[in-house]
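Working notes, beginning with the structure itself.
The values are calculated or read from the model by the stated rules, or taken from the named source; none is laboratory data. A quick note: this is a predicted structure, and the numbers were derived from the prediction, not measured. When we count neighbours, we look across all protein chains shown, and the Cβ atoms used for this are built from the backbone with ideal geometry, even at glycine.
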Amino acid sequence: MRAQTQDAALEQWFDHVEKTLQLPRSAIALALEPIEGSHRAGQALLPSGQGRFPGHQRSSAQRPPLRWQHRADEAMNPASTMKLLTSFAALQLLGPDFRWKTAWRATARPIAGVLHGDLVLRGGGDPKILIEDLRQILAALKAGGLQEIHGDLLLDAALYAGEVSQVVPIDGEWQQPYNVAPIATDLNFRSVKLAWGGGQKPSLDPPLHDLELIDHLRKPQIACKDATLSFHFEPEHASSARKLVLEGNWPTACGRGERYIAYPDPIEFAERLFRAAWLEQGGKWHGHARRADGAAALAPHELLLWTSSNSLLDVVMDVNKLSNNLLSRHLWLQLSAQASVPATVQASWDRLRAWLQGQRVDLPSLVIENGSGLSRHERLSPRDLTKILQLAQRLPMASMFRDSLPVAGIDGTMKRRLTEPGFRGQLWLKTGTLNQVRALAGYIESRSGQRYSFSIMINHPKASSARQAVDNLLRVIVATG
């Protein structure tokens, strides 16, 4: 009877969603499963009136664990909750202490500080070589005696298959950093911070060599709410220079504005970033950057072997807390990057599937395109995702994996959700957001001490309207589970 009452609570929630939001239950799939052995004594229930949707009734008696399923085996678009699978696989198969290696080699031995040959960057797939790291790398090369380069910067990106770096942005917004496709020689997310307005000239951080910023913004004396901004790159065919032109209305009342933008070409970006940073170090360079897969094998002189300043766990935290797509795609490819053939999405899945078979876990609904969830083709059912969530809690990595997720009311993409006492800090949930897709998955600790794995996916044109309703459902689970 108690279980029937709890099932009725879910039914009431569906009725509320259908009537209030006109969101059909056929567009929703979910799974809620208790984590075995996680219950502890104590049932500090919520104050009256908290965590309820219309019609929900609360009981103070001891309750059996909730087990909710609704279209749990339906293959849905999971959006960024797919990152849970990717981060789990990386932690399990590569280990939290894994660090990337990036080799800097030369085709000739530098003589008296001058390299009469090419400098080769052999990419190891390090997803977080930021400008601070690049400056340290170049300072180390200079400390090692390199002063002047008479040759090209060869980007050996052979670690990944070429097709993974040739992806059309999901929404056509190539300038958005979330759409950047991975390349094994990635630098600074192929992105820079553009700042403008506030009575100052436009600027880029970090600076890119020979990129001129052209301010064509109109600066009327009107309200800031009427601001618009657009920009485009204009190549200069007669030289290596390029122009970044800013256009639109930016009222003086708006002050200084800023946003991160992705550069359109990874090789050109590497050249401009490297040249600017090398000149900062006082170095000289007579050459250009070009992609040259396999070049490292023809460069016998190793000048520097750089070890990433970030561990794999550091990257997993960014992937899950901040929902970073590029980092997630790098993690997925790294699963197969140790093999003799270039890493591919399919090869990474083959490796993970072989391991999962040993754990007697099958994911029949999985369709994976890049491992980040930034896809219209990726599919996963709530049941299959909760299989991963449950498995993770049986492994030594349990706490580490859970703690990498956004915590409700505290951090990451859940910082502003469920912030009230009694819920804040009780839910570890990865969010997923695409146009017409909303998803949420992770762990919930109820007021009784029972912990759950939870996954909900909504695929519908009105999916964006469901946030408050989903939060109310989470409140019910915390209160009654």
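Test A463 against the criterion of being in contact with a Lys or Arg (Cβ under 8 Å, 6 or more places away or on another chain) and hydrophobic (A, V, I, L, M, F, W, C), and give yes or no.
Here the answer is yes, as A463 does meet what is asked.
Take the conditions at pLDDT 95 or above and within 20 Å of G95 (Cα to Cα) and apply them to V407. Does it pass?
It is false that V407 is at pLDDT 95 or above and within 20 Å of G95 (Cα to Cα).
Restricting attention to region 432-469, and to residues there that are more than 18 Å from Q390 (Cα to Cα) and of a type in the set (S, T, Y), which single residue is modelled with the lowest pLDDT?
Ranking the qualifying residues of region 432-469, first place goes to S448.
Could you check region 96-115 and list, in sequence order, the residues that are in contact (Cβ under 8 Å) with a residue 60 or more places away in the chain, crowded, with 17+ Cβ neighbours inside 10 Å and assigned to a strand (DSSP E or B)?
Correct list: T102, A103, W104, R105, A106.
Among all residue pairs at least 6 apart or on different chains, which show Cβ distances below 6 Å where the first residue, located in region 375-400, is within 20 Å of A72 (Cα to Cα) and the second is outside any helix (DSSP H, G or I) and of a type in the set (D, E, K, R)?
So the pair list comes out as H377/E369; E378/E369; S381/D73; S381/E74; R383/D73; T386/E33.
When you check L211 against the structure, is it within 26 Å of N179 (Cα to Cα), buried (at least 17 other Cβ atoms within 10 Å of the Cβ), free of Cβ contacts under 8 Å to residues at least 60 places away in the same chain and not basic (K, R), yes or no?
Here the answer is no, as L211 does not meet what is asked.
Among I137, I111, I129, which is the only one that is more than 21 Å from the chain's Cα centre (by Cα), under 29 Å from D205 (Cβ atoms), at pLDDT 95 or above and not small (G, A, S)?
After applying the criteria, what remains is I137.
Looking at (1) small (G, A, S); (2) in a loop (DSSP other than H, G, I, E, B); (3) at pLDDT 50 or above, which one does G49 not meet, given that it meets all the others?
Just one mismatch for G49, condition (3).
Under the condition of being in contact with a helix residue (DSSP H, G or I) (Cβ under 9 Å, 6 or more places away or on another chain) and farther than 17 Å from G117 by Cα, which residue from region 277-290 is surrounded by the fewest Cβ atoms within 10 Å (Cβ to Cβ)?
The extreme case among them is G282.
The conditions are (1) closer than 30 Å to W104 by Cα; (2) touching a strand residue (DSSP E or B) at 6+ places or on another chain (Cβ under 8 Å), and R218 fails exactly one of them. Which is it?
Result: R218 fails condition (1) only.
Within region 232-242, which residues are assigned to a strand (DSSP E or B) and either at pLDDT 95 or above or under 19 Å from A289 (Cα atoms) (or both)?
P235, R242
Taking region 414-457 as the search range and keeping residues that are among the hydroxyl-bearing types (S, T, Y) and out of contact with any helix residue (DSSP H, G or I) (no Cβ under 7 Å at 6 or more places or on another chain), which one is nearest to T480 (Cα to Cα)?
S448
Among the residues of region 132-153, how many are buried (at least 17 other Cβ atoms within 10 Å of the Cβ), out of contact with any Phe, Trp or Tyr (no Cβ under 7 Å at 6 or more places or on another chain) and in a helix (DSSP H, G or I)?
Qualifying residue count for the region: 2.
Can you tell me which of (1) surrounded by 12 or more Cβ atoms within 10 Å (Cβ to Cβ); (2) modelled with pLDDT of 95 or more is the one Q22 doesn't meet?
Going through the list (1) surrounded by 12 or more Cβ atoms within 10 Å (Cβ to Cβ); (2) modelled with pLDDT of 95 or more, Q22 breaks only (1).
Scan region 29-46 residue by residue and report those that are at pLDDT 65 or above and more than 29 Å from the chain's Cα centre (by Cα).
The answer is E36, G37, S38, H39.
Scan region 236-261 residue by residue and report those that are over 20 Å from G199 (Cβ atoms) and exposed (fewer than 13 other Cβ atoms within 10 Å of the Cβ).
Hits for region 236-261 are E236, H237, A238, S239.
Every residue, every condition in (1) over 24 Å from P96 (Cβ atoms); (2) acidic (D, E), yes or no:
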{"site": "I388", "(1), (2)": "no, no"}
{"site": "L395", "(1), (2)": "no, no"}
{"site": "D403", "(1), (2)": "no, yes"}
{"site": "G422", "(1), (2)": "yes, no"}
{"site": "L429", "(1), (2)": "no, no"}
{"site": "E445", "(1), (2)": "no, yes"}
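Could you check how many residues of region 160-181 are closer than 25 Å to N310 by Cβ and of a type outside the set (V, I, T)?
Result for region 160-181: 8.
Give region 169-221 a look and list any residue that's of a type in the set (F, W, Y) and not in a strand (DSSP E or B), or say none.
Residues satisfying the conditions are W174, Y178, F189.
Examine region 452-461 for a residue that is within 18 Å of W13 (Cα to Cα), surrounded by fewer than 22 Cβ atoms within 10 Å (Cβ to Cβ) and not β-branched (V, I, T), and state whether such a residue exists.
yes
Answer yes or no: is there a residue in region 231-252 that is on the phi > 0 side of the Ramachandran plot, of a type outside the set (S, T, Y) and in contact with a Phe, Trp or Tyr (Cβ under 9 Å, 6 or more places away or on another chain).
Taking every residue of region 231-252 in turn, at least one turns out to be on the phi > 0 side of the Ramachandran plot, of a type outside the set (S, T, Y) and in contact with a Phe, Trp or Tyr (Cβ under 9 Å, 6 or more places away or on another chain).
Could you list, ordered by first residue, the pairs with Cβ atoms under 6 Å in which the first is in region 74-88 and in a helix (DSSP H, G or I) and the second is of a type in the set (F, W, Y), at least 6 apart or interchain?
Final answer for the pair search is T86/W332.
Using beta carbons and a limit of 6 Å, which pairs, at least six apart or on different chains, have the first residue in region 182-208 and within 29 Å of L305 (Cα to Cα) and the second one basic (K, R) and at pLDDT 95 or above?
Partner pairs satisfying both residue conditions: P182/R329; D205/K193; L208/R272.
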